[in-house]
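For reference, the structure discussed in these notes is given below.
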Amino acid sequence: MRRHLPRAAAGAALLAALVTGCAEPSADPRAAATPSGAGMRFCPSPPEPQLPPGTPCIPQDPASKYRENHAYRQEMELTEQERAGAREKADRLGTVLRELATGNPGETEVRAAVAAALGLKPNDIEYRAGAQAGPTLRNLAVAGGTGKVCVKGQVTDSGTATAEVSGRTMDGTCLPGLGGH
């Protein structure tokens, strides 16, 4: 009596044979990239020890890597018409923040006042507060907007309130991310 492998098992055996292949490891171009056969590596920067002449490596540009790593913070471009359409909201936000800076309102009160100035709902307001410096509102950043147009405001540690029109960041927020790891 002959036993037949089920079709699935036969297919798996064939797939395993195909995946493992039979090529000579030295035929892989990555094996010859470095003397140790470890593959390509990045070219050292000028202050680092240099590779022997003729050693292949991948060039790197630290400034380019930094720009790429922080691209999420870049703001979307706004037309002058988009900026002009939001300037009145920025003026209202600046006035509200100057009034709030004379007291010590909580987050709920700040969100409500900022939302009213910008014509938004309190939950649509981005709110970031640092450590309080005294009995009045300090170290605060707020923002909100529609589409790619944002209006941002802040109250500094010294109590100065400012507001401006800006583009939404590439990651979709009005306040840029804090970053860091």
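The values are calculated or read from the model by the stated rules, or taken from the named source; none is laboratory data. Only a predicted model underlies this, so the values are computations on that prediction, with no experimental measurement involved. Reconstructed Cβ throughout: ideal geometry from the backbone, glycine too, with neighbour counts over all protein chains shown. Remember, those area values only see protein heavy atoms, side chains included, never the ligands or the DNA or RNA. Shrake-Rupley method; radii C 1.70, N 1.55, O 1.52, S 1.80 Å.
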What residue, of THR173, THR169, THR136, is over 21 Å from the mean Cα position of the chain (by Cα) and polar (S, T, N, Q)? THR136
Residues of segment 162-173 being of a type outside the set (Asp, Glu), in contact (Cβ under 8 Å) with a residue 60 or more places away in the chain and open to solvent by 30 Å² or more (accessible area, probe 1.4 Å), in sequence order, are THR162, ALA163, ARG168, MET170
Filtering segment 67-81 for residues that are surrounded by 10 or more Cβ atoms within 10 Å (Cβ to Cβ), in a helix (DSSP H, G or I) and out of contact with any Gly (no Cβ under 8 Å at 6 or more places or on another chain) leaves a count of 4
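Listed here are the residues, each with its yes/no results for (1) among the basic types (Lys, Arg); (2) under 30 Å from PRO135 (Cα atoms); (3) modelled with pLDDT under 80.
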{"site": "PRO53", "(1), (2), (3)": "no, no, no"}
{"site": "SER64", "(1), (2), (3)": "no, no, yes"}
{"site": "GLY94", "(1), (2), (3)": "no, yes, no"}
{"site": "GLY106", "(1), (2), (3)": "no, yes, no"}
Within the bounds of segment 41-52, is there any residue that is touching a residue at least 24 places away in the same chain (Cβ under 8 Å), open to solvent by less than 40 Å² (accessible area, probe 1.4 Å) and farther than 15 Å from GLN154 by Cβ? no
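Quick grid of which residues meet (1) surrounded by fewer than 13 Cβ atoms within 10 Å (Cβ to Cβ); (2) within 24 Å of ASN69 (Cβ to Cβ); (3) in contact with a strand residue (DSSP E or B) (Cβ under 7 Å, 6 or more places away or on another chain):
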{"position": "ASP124", "(1), (2), (3)": "no, no, yes"}
{"position": "PRO135", "(1), (2), (3)": "yes, no, no"}
{"position": "LYS148", "(1), (2), (3)": "no, yes, yes"}
{"position": "GLN154", "(1), (2), (3)": "no, no, yes"}
{"position": "THR160", "(1), (2), (3)": "yes, no, no"}
{"position": "LEU175", "(1), (2), (3)": "no, yes, yes"}
Mind checking whether some residue in segment 160-173 is of a type outside the set (A, V, I, L, M, F, W, C), within 27 Å of TYR72 (Cα to Cα), in a loop (DSSP other than H, G, I, E, B) and touching a helix residue (DSSP H, G or I) at 6+ places or on another chain (Cβ under 7 Å)? yes
Take LEU93 and tell me if it is closer than 28 Å to ASN69 by Cα and either open to solvent by less than 70 Å² (accessible area, probe 1.4 Å) or of a type in the set (A, V, I, L, M) (or both). no
